[in-house]
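The values are calculated or read from the model by the stated rules, or taken from the named source; none is laboratory data. The shown structure was predicted, so the numbers you read here are calculated from the model rather than taken from an experiment. Neighbour counts run over all protein chains shown; Cβ positions are idealised from the backbone, glycine included. Side chains are part of the model used for accessible areas, which takes the heavy atoms of the whole protein and leaves out ligands, DNA and RNA. Shrake-Rupley method; radii C 1.70, N 1.55, O 1.52, S 1.80 Å.
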Amino acid sequence: MFVPRLKSVKLFDPLLHARQGSVPRPVVRGLFFSALTPRKPRALEGLAPRVPFPIRYKSISASSALRQGMTEHNDSGIEQIQLLDGFQDSYGGVTVEMKEHMDADVFAPLLRASISSWKQQGKKGVWIKLPIEYSHLVDITVKEGFRYHHAESNYLMLVCWLPETLDTIPVNASHRVGVGAFVLNDKREVLVVQEHSGRFQGTGVWKLPTGVVNEGEDICHAVVREVKEETGVDTKFVEVLCFRQSHKSFSTKSDLFFLCMLQPESSAIDKQNVEIEAAQWMPIEEYAAQPFVVGNKQFNFMAKICLAKADHGYPGFGALATTTGSGKRTYIYCSDPEIE
């Protein structure tokens, strides 16, 4: 009985024993090692945390993994263990985007080796983005300690916090953003609609056009789009009059709703037939006097804000176009967009 001299070994290895004679390159618990000449046995306990043998990790894509296998050697004879390809973020984490097909039996050992390497490097949060066509890898990823973070129509994002410290991975988006349009013409008439479906279906209530802000869409643009889609009226954004926050409004998500004033640039109504039952211009006092509006605290307060604005006694928040530090376009909503 002898113990082979290890040429390369992945960290955290138990005792390794081999029979005398030629030792092929076996796999022990999914870890790769190789043997040189026989040596006298000696205790290996405690050696793993300080393994002096040269190991290098190399990131590869899915297609490379299928072509090369999971290990290779460089010119110095150092064994290189292949890892999943990922990029580092600004918070000490790693993001892996699976862009090519990979079989589950190839992905599993690559993921385990990658997790080991990331831990040794002191990485924190790991994000794995799986397109819907790679859903066969979800079970393996979850079994390695990952959890769901969020999903879109074409992918699932899974995350894992590696260190034994407080998990600071941010939760999924917590709010949905909605907009309402207060469109007032020169006759003190407000643009209102009745809906085909939803809460107000069949109630006879006239309400302001409303909608949801799309991903990557600015509030000041979303409200103009919604008015155009629902009524066919062209408008120009003026300002945000107020906003409210509510919770568990959309499944478990919270909701932010921005009431905006718009200036009409056309008057002819061409309503959308799918969502809108009717649309019209209504005197603002008549709109505010509807029994439902009067009896609902939220609607009543917003109607009073609209009345105050119509009488030129309420300041709102205009949109100031600016850019972020990275050069992205954004808007600051403030009471004086012309401030220097």
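Quick one: which of Gly198, Gly180 is assigned to a loop (DSSP other than H, G, I, E, B) and either open to solvent by 40 Å² or more (accessible area, probe 1.4 Å) or within 30 Å of Met261 (Cα to Cα) (or both)?
Numbers: Gly180 fails: assigned to a loop (DSSP other than H, G, I, E, B).
Within the list Gly198, Gly180, the selection yields Gly198.
List, please: which pairs have Cβ atoms under 8 Å, are six or more places apart or on different chains, and start with a residue in segment 240-251 that is more than 23 Å from Gln263 (Cβ to Cβ) and end with one that is surrounded by 13 or more Cβ atoms within 10 Å (Cβ to Cβ) and among the acidic types (Asp, Glu)? Qualifying pairs under 8 Å: Gln245/Asp255; Ser246/Asp255; His247/Asp255; Ser249/Asp255. Pro291 satisfies every condition listed in (1) of a type outside the set (S, T, N, Q); (2) modelled with pLDDT of 95 or more; (3) open to solvent by 50 Å² or more (accessible area, probe 1.4 Å); (4) over 20 Å from Trp206 (Cα atoms) except (4).
Ser135 fulfils the conditions (1) outside any helix (DSSP H, G or I); (2) surrounded by fewer than 13 Cβ atoms within 10 Å (Cβ to Cβ); (3) not charged (D, E, K, R) except for a single criterion, (1).
The residue pairs whose first member lies in segment 106-123 and is closer than 19 Å to Phe87 by Cβ and in contact (Cβ under 8 Å) with a residue 24 or more places away in the chain, whose second member is small (Gly, Ala, Ser) and open to solvent by less than 20 Å² (accessible area, probe 1.4 Å), and whose beta carbons are closer than 7 Å, counting only pairs six or more residues apart or on different chains, are Leu110/Ala65; Lys123/Gly93.
When restricted to residues that are assigned to a loop (DSSP other than H, G, I, E, B) and either open to solvent by 50 Å² or more (accessible area, probe 1.4 Å) or over 30 Å from Val142 (Cα atoms) (or both), segment 161-177 contains 10.
Of all the numbered requirements in (1) free of Cβ contacts under 8 Å to residues at least 40 places away in the same chain; (2) closer than 30 Å to Cys306 by Cα, His196 misses one, and that requirement is (1).
When Val190 is tested against (1) under 22 Å from Asn300 (Cβ atoms); (2) surrounded by fewer than 16 Cβ atoms within 10 Å (Cβ to Cβ), just one condition goes unmet, and that condition is (2). Of all the residues in segment 138-160, those that are surrounded by fewer than 18 Cβ atoms within 10 Å (Cβ to Cβ) and under 18 Å from Phe87 (Cβ atoms) number 2. Pairs meeting the criteria (first residue in segment 257-269 and surrounded by fewer than 19 Cβ atoms within 10 Å (Cβ to Cβ), second residue of a type in the set (Lys, Arg), beta carbons under 6 Å, at least 6 apart or on different chains) are Gln263/Lys236; Glu265/Lys236.
Quick one: is Ala268 assigned to a loop (DSSP other than H, G, I, E, B), modelled with pLDDT of 95 or more and either within 27 Å of Pro337 (Cβ to Cβ) or in contact with a Gly (Cβ under 8 Å, 6 or more places away or on another chain) (or both)? The answer is yes for Ala268. Looking for whichever is of a type outside the set (A, V, I, L, M, F, W, C) and surrounded by 13 or more Cβ atoms within 10 Å (Cβ to Cβ) here; the options are Glu338, Glu277. Which one fits? Glu277 is the lone residue from the list that is of a type outside the set (A, V, I, L, M, F, W, C) and surrounded by 13 or more Cβ atoms within 10 Å (Cβ to Cβ). For segment 216-232, the criterion of being open to solvent by 20 Å² or more (accessible area, probe 1.4 Å), in contact (Cβ under 8 Å) with a residue 12 or more places away in the chain and assigned to a strand (DSSP E or B) is met by none of the residues.
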